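Notes for the one structure printed next.
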Amino acid sequence: MGQRLGVTEDYLATGHERHEESARLVEAELALRLDELDLAAQLYEEALAGATGDVRARALAGLGQVAFRRGDPRGAIERIEEARSSARERLAEQPAAADTLGRAYAMVDELEASIAVFSESLTAAEDREDDVEASRFAILLANAHIDANNFNAAEQLLSRALKIAPDSRDPILRARLYWSHSRLHTLQKHPTQAARYARRALTILEATEHTEYTARAHQLLAHIELDRNNPQEALQLVEHGLELLGEGGNPVDRALLRLEEARALVQLGDYETAASLAMEVSGLLEEASPHDAGRGYALVAQVHEQLGDRARALELYELAAEVLEGSGGRYLVEVYQRLAELFEEDDRKEDALNILKKAVAVRAEYGG
């Protein structure tokens, strides 16, 4: 009845809207945008107490966004999915919550769920002719397809994003677009083009107050510089990214930067420091981003090979494979191949053959 009359259930029951809760939600959303996470969480919890309907859904979605900002993607998924089930409005009509939910799913390697959220939101934005949001979700969806190694779909989406908002003045939107192009070129083994797009993203972001995105751009560019065997440049980028995040930065973003630092130290020959650092951050990333945790364990395994500890290297490659098996992709193929080589050297021919079969299957599935 409330939907037919265009009023809330609170108005039907009492004749009054719950202005106090609405005002608290607005204040909470502002605190969230200003990265006052403790205050935002407190205000959302206060709004949630005793709330029903859309007020409850907005408070839950807000708490999910706070959880994501704090580096807890699983907590974000739980909260936003609860909001999704209790709201009258579709998630696709709530861009901020949909953005967070899709990225949270991607962080825990649930790429099908991530793609579904972003696809629905892109369609909804196009239906209401909202070019800014359509471009935003085209870029997010492209990134999800890049993670799934669907490069053709990603390229088509990035081209659509350029056509949708060619004159957009939103710096974050333009930076995301360049960032997506950079990631695509990185995975396609085109480091020069990747670096060019990453530099463009960095130039835009450094002119804004969005330090979190700027720090992520530094992490991506450090990754690219390491692929090009430029560890000193990568370390400078990591240092700058960590400075931007500060002590209160997202712990996942900090861990990803430290992982690039460990990779740089390997290239510089500081194996023991690299191994200690990579092991530490891999443990932090295992729940939040298994894909990156697997990369970290593989890096530690590589270090132990360099140090001559084959038994420990084998153990860590097996751990990396176990962590990566939920997400697949080229890193899992590389770990399987190295395991097969170690098994072959130890005259474990049957184990080597079984691992190579797994590698072939993963390559066929993901196009790695």
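The values are calculated or read from the model by the stated rules, or taken from the named source; none is laboratory data. Note that the structure is predicted; figures quoted are calculated from it, not measured. As a convention, Cβ positions derive from the backbone with ideal geometry for all residues, glycine included, and neighbour counts pool all protein chains shown.
Based on this model, can you work out whether residue 214 counts as surrounded by fewer than 17 Cβ atoms within 10 Å (Cβ to Cβ) and at pLDDT below 90? Don't jump to the end; show me each part of the working.
Numbers: surrounded by fewer than 17 Cβ atoms within 10 Å (Cβ to Cβ): no; at pLDDT below 90: yes.
Spelling it out, it is not the case that residue 214 is surrounded by fewer than 17 Cβ atoms within 10 Å (Cβ to Cβ) and at pLDDT below 90.
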Only one of (1) assigned to a loop (DSSP other than H, G, I, E, B); (2) at pLDDT 95 or above; (3) not aromatic (Phe, Trp, Tyr) is not met by residue 327, so which one is it? (2)
Filtering segment 36-75 down to residues that are part of a loop (DSSP other than H, G, I, E, B) and without any contact (Cβ under 8 Å) to a residue 40 or more places away in the chain yields 36, 49, 50, 51
I'd like the full set of residues that are in contact (Cβ under 8 Å) with a residue 60 or more places away in the chain and outside any helix (DSSP H, G or I), limited to segment 90-130. 108, 109
Scan 104, 96, 195 and give me the residue that is in contact with a helix residue (DSSP H, G or I) (Cβ under 8 Å, 6 or more places away or on another chain) and surrounded by fewer than 18 Cβ atoms within 10 Å (Cβ to Cβ). 96
When you go through (1) surrounded by fewer than 24 Cβ atoms within 10 Å (Cβ to Cβ); (2) in contact (Cβ under 8 Å) with a residue 40 or more places away in the chain; (3) hydroxyl-bearing (Ser, Thr, Tyr) one by one for residue 85, which number turns out not to apply? (2)
Kindly list the number of the only condition in (1) out of contact with any helix residue (DSSP H, G or I) (no Cβ under 6 Å at 6 or more places or on another chain); (2) aromatic (Phe, Trp, Tyr); (3) more than 16 Å from residue 186 (Cβ to Cβ) that fails for residue 118. (1)
Filter segment 246-262 down to the residues that are modelled with pLDDT under 95 and over 16 Å from the mean Cα position of the chain (by Cα) and list them by number. 246, 247, 248
